[in-house]
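A.B. asks: Below are the structure tokens for one structure; questions will follow.
The values are calculated or read from the model by the stated rules, or taken from the named source; none is laboratory data. What you see is a predicted model; the values in this text were computed from it and never measured. As a convention, Cβ positions derive from the backbone with ideal geometry for all residues, glycine included, and neighbour counts pool all protein chains shown.
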Amino acid sequence: MCGVLGLRTSKAGLRGPLRLSTEVRPRHRVCGAGLPPTEMSRVSEHLIPKWYRERKALTVRTDTTLEVALTSLSKVEGISQREIIGRAVLERYERSGHVARVTESIKNMVARWGDVLERLGSE
């Protein structure tokens, strides 16, 4: 089916003659149309496969400097640019968790040993 007029090709494909079809076909109903958002998510869980929901596509816009760095690292390490970006994000995530743990530890130590540290610092 092509466009509003319903132009269809013959069984020969695009090489065959075009004919105008005047038959009226009902439009495909969008599954879940008009449902509240909670119902839509429930409906979409059954329509979208689990493997598709677990993976996300990401478009990364790079400038020349980043592109050169990604290409170079990819060749040197023998891995894809996607893998390099993934590793960089995970490394940054681990570092941020480490900084938070160290900060929390420092706060605990100051609360526990603050008076001793004050005395040592004044001597």
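A.B. asks: For region 91-123, which positions are under 30 Å from Lys56 (Cβ atoms) and among the aromatic types (Phe, Trp, Tyr)?
C.D. replies: Selection gives Tyr93 alone.
A.B. asks: His98 passes all but one of (1) at pLDDT below 85; (2) part of a helix (DSSP H, G or I); (3) surrounded by 10 or more Cβ atoms within 10 Å (Cβ to Cβ); which number fails?
C.D. replies: Against the list (1) at pLDDT below 85; (2) part of a helix (DSSP H, G or I); (3) surrounded by 10 or more Cβ atoms within 10 Å (Cβ to Cβ), His98 comes up short only on (1).
A.B. asks: Then there's this: Pairs only if they're at least six apart or on different chains, beta carbon under 7 angstrom, first in region 69-90 and free of Cβ contacts under 8 Å to residues at least 12 places away in the same chain and over 17 Å from Ala57 (Cα atoms), second surrounded by 13 or more Cβ atoms within 10 Å (Cβ to Cβ) and among the polar types (S, T, N, Q); list them, first residue then second.
C.D. replies: Ser74/Gln81
A.B. asks: Give the residues of region 76-88 that are in a helix (DSSP H, G or I) and surrounded by 10 or more Cβ atoms within 10 Å (Cβ to Cβ), sorted by residue number.
C.D. replies: Across region 76-88, the qualifying residues are Glu77, Gln81, Arg82, Glu83, Ile84, Ile85, Gly86, Arg87, Ala88.
A.B. asks: Filter region 27-62 for residues that are modelled with pLDDT under 75 and among the hydroxyl-bearing types (Ser, Thr, Tyr) and give the result.
C.D. replies: Thr38, Ser41, Ser44, Tyr52, listed by residue number.
A.B. asks: Suppose we filter Thr65, Thr22 for residues that are β-branched (Val, Ile, Thr) and at pLDDT 75 or above; which single one remains?
C.D. replies: On the way: Thr22 fails: at pLDDT 75 or above.
The match here is Thr65.
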